[in-house]
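Peer 1: Take this structure, written in structure tokens, and hold onto it; I'll ask about it next.
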Amino acid sequence: MGEAIVVTSGKGGVGKTTTSANIGTALALLGKKVCMVDTDIGLRNLDVVMGLENRIIYDLIDVAEGRCRLNQALVKDKRFDELYMLPAAQTKDKSDVSPEQVKEMVLELKKEFDYVIIDCPAGIEQGFRNAVAGADRAIVVTTPENAAVRDADRVIGLLEQTQIPARLVINRIRANMVRSGEMLDIDEICQVLAIDLLGIVPDDEKVIRSANAGEPTVMDPSSRAAIAYRNIARRMLGDMVPLMPLEEKSGVMKRFRKFLGIG
Amino acid sequence: MTEKQHITIKGVKEGLIFLLDDHCEFSSLLDELQFKLEKSHQQLLSGPIVHVQVKLGTRQVSEDEKEQLRSLIRQQGNLLVQSIESEPPIVSQLEDGNNLKVLTGIVRSGQTLEHDGNLLLMGDLNPGGTLLCTGDIYVLGALRGLAHAGYKGNEEAIIAASLLKPTQLRISGVISRPPDEWMTGDAAMEFAYLSEGAMKIDKMTQLQRLRKLPVLFRA
């Protein structure tokens, strides 16, 4: 029996889908059997980030309404044999599927996969309830902004009520802004949210580039964000991986860039 | 009389002491007093002039009510009311101490905690979270959200926190928004209170001056 992990944030645009795609891929990279589930019905993105949009035949709503079997709707990744995705429908609405139906699907997927990564839509309404229905754990994604932290706090409160243990990923950290005090630092965020920190991901242009190319960032080991996601995946498997030092590494990057003559 | 007696009459060297119950209705006290004086204790209360001390317990009475008591006792020719006393009400601090609720946990964004009485939160109040209390609010942790003490109109209420960095503080009907209105250095171990209708912030060590607390450590 595998484990279902919901990736959620409350606020939109903090990188839930990117995190889901990268963690899913990173786990596959570590040899796990992974299925990603997009529950953002009506606004599906995970397929685009994964570059699997053109392979979709059936979706989550088709499964819910009985037009196909669950494994018919699963889309196999183009890079890994053991990585699948259950896409959301683009035409329907969040209310077209119930938490019970999602829970049932997740339960069935857990039998077959080591990890079921559920990409949650923004907000705390029906879409959120659908996404967390079958989850055993949660990854709460936030960025170092007050609004994102506020929403993450709200979501953690809701997860606590449903007794889903949550861990935190702080996304898009800019070392230079943290250093100058313009951005919330990691300690501040952790103090307010008071949950375990699963990982930090530095802001990296490569993430946007690779998302547009339909290639998860994790595949590119030269990207700092990729290393961060790989670290997160290893921590999920129980490895002790130290947090990436923001300052020092950026120094290395600077030196490296200087060396190449672009810094 | 079938019901519970509310008046006890004690004889002492100086005369008589009337102990009046402080939990029943005042009118039933008067009725019972009249009954006792005229009926049941007739024989006791006749004879030479006797001084009477009336003790009301913690009941607070108006001058009017005192007069009612006096005239009732005076009807009995030989009784002379020497004093009518009531004990000061039990110091509110002690009462407060009894109804202090201790809670552990984090009040997160979107969550509201409401309590009748005083509240001690062992944990944080996060931005977007709300604490509502009819009495005092004490936070052993960081107070970053909205705290409203004495929200049913208690202006004596205070808000104290290990780390006082609220988005908004309210005491009774007064609202204060830090840091627009005030901001102190480290915000550690502070409390907010009302002084002449305005919110004031001070260090926890100053609280005893404000409260004039009964000395707890006298022994």
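No lab work stands behind these numbers, since they all come straight from the coordinates. For clarity, every value in this text was computed on a predicted model and none was experimentally measured. Quick reminder, even Gly has a Cβ in these numbers, built from the backbone with ideal geometry, and neighbours come from all protein chains shown.
Peer 1: All other residues with a Cβ under 10 Å from the Cβ of residue B:53 taken together, and with Lys, Arg as +1 and Asp, Glu as -1, what is their net charge? Mind showing how you got there, number by number?
Peer 2: Numbers: positive: B:10, B:55; negative: B:14, B:85.
Neighbour charge sum, excluding residue B:53 itself: 0.
Peer 1: Follow-up question, since we're still on this one. So for the pair residue A:241, residue B:116, with labels modelled 7 Å out along Cα→Cβ, what separation do we get in nm?
Peer 2: For the pair residue A:241/residue B:116, the computed spacing is 5.4 nm.
Peer 1: Direction-averaged shadow area of the convex hull around the Cα atoms of the protein assembly as shown, nm²?
Peer 2: Numbers: hull surface 140.9 nm².
About 35.2 nm², averaged over all directions.
Peer 1: A follow-up question, please. For chain A, what does the helix formula give at 222 nm: sum of -39500 (n - 2.57) over DSSP H segments with n ≥ 4, over the residue count, nearest 500 deg cm²/dmol? Can you show the working numbers first?
Peer 2: Values: 12 runs with 115 residues, N = 263.
After summing the helix terms and dividing by the residues of chain A, the value is -12500 deg cm²/dmol.
Peer 1: Give me the compactness ratio for the range A:89-156, meaning the Cα radius of gyration over 2.2 N^0.38 Å. Let's see the in-between values first.
Peer 2: Working: Rg = 13.3 Å, N = 68, 2.2 N^0.38 = 10.9 Å.
That ratio works out to 1.22.
Peer 1: Over the range A:3-260, what relative contact order in percent results from Cα pairs under 8 Å that are six or more residues apart?
Peer 2: Working: 512 pairs, mean separation 62.4, N = 258.
Computed value for the range A:3-260: 24 percent relative contact order.
Peer 1: Once phi is turned into ³J(HN,Hα) by the Karplus curve 6.51 cos²θ - 1.76 cosθ + 1.60 with θ = phi - 60°, what whole-Hz value does each residue of the range B:141-147 show in order, with x for glycine and proline?
Peer 2: Once θ is set to phi - 60°, the couplings for the range B:141-147 become x, 9, 9, 10, x, 9, 10 Hz.
Peer 1: Given B:29, B:48, B:82, which one lies farthest toward the positive end of the charge dipole of the range B:7-85, if we put +1 on the Cβ of every Lys and Arg and -1 on the Cβ of every Asp and Glu?
Peer 2: Result: B:48.
Peer 1: Cβ under 15 Å from residue B:71's Cβ, residue B:71 left aside: what net charge do those residues give with Lys, Arg +1 and Asp, Glu -1? Don't jump to the answer; show the numbers that get you there.
Peer 2: Values: positive: B:66, B:70, B:74; negative: B:31, B:38, B:63, B:64, B:65, B:67.
Neighbourhood net charge equals -3.
Peer 1: Given the C-alpha centroids of the range A:102-162 and the range B:60-82, what is the distance between them in whole angstrom?
Peer 2: Using only Cα atoms to place each centre, the spacing works out to 73 Å.
Peer 1: Please enumerate, by chain and number, the aspartates and glutamates with C-alpha under 16 Å from the C-alpha of residue A:32, excluding those fewer than 8 residues away in the same chain.
Peer 2: The qualifying aspartates and glutamates are A:3, A:77, A:81, A:82, A:112, A:114, A:239.
Peer 1: Net charge near residue B:16: determine it from the other residues with C-beta under 15 Å of the C-beta of residue B:16, scoring Lys and Arg +1 and Asp and Glu -1. Working shown, then result.
Peer 2: Working: positive: B:10, B:13, B:36, B:55, B:70, B:74; negative: B:14, B:85.
Every neighbour counted, the sum reads +4.
Peer 1: Please work out the FRET efficiency for the pair residue B:14 and residue B:66, using the Cβ-Cβ distance as r and a Förster radius of 22 Å; give the result to the nearest 0.05. Walk me through the numbers on the way to the answer.
Peer 2: Details: r = 20 Å, r/R0 = 0.90.
Efficiency for this residue pair is about 0.65.
Peer 1: Another question about this same structure. Find the Rg to Rh ratio for chain B, where Rh is the Kirkwood radius over alpha-carbon pairs and Rg uses the same atoms. Before the final figure, lay out the partial values.
Peer 2: Values: Rg = 25.1 Å, Rh = 20.8 Å.
Computed over Cα atoms, the ratio is 1.21.
Peer 1: Under 28 Å from the Cα of residue B:200, which lysines turn up, not counting those fewer than eight places away in the same chain?
Peer 2: Within the straight-line cut-off, residue B:200 pairs with B:101, B:152, B:165, B:212.
Peer 1: Still on this model: Quick check: convex hull of the Cα atoms in the range A:3-260, volume per residue, rounded to a whole Å³?
Peer 2: Details: hull volume 30.5 nm³, N = 258.
Cα convex hull per residue, to the nearest whole number: 118 Å³.
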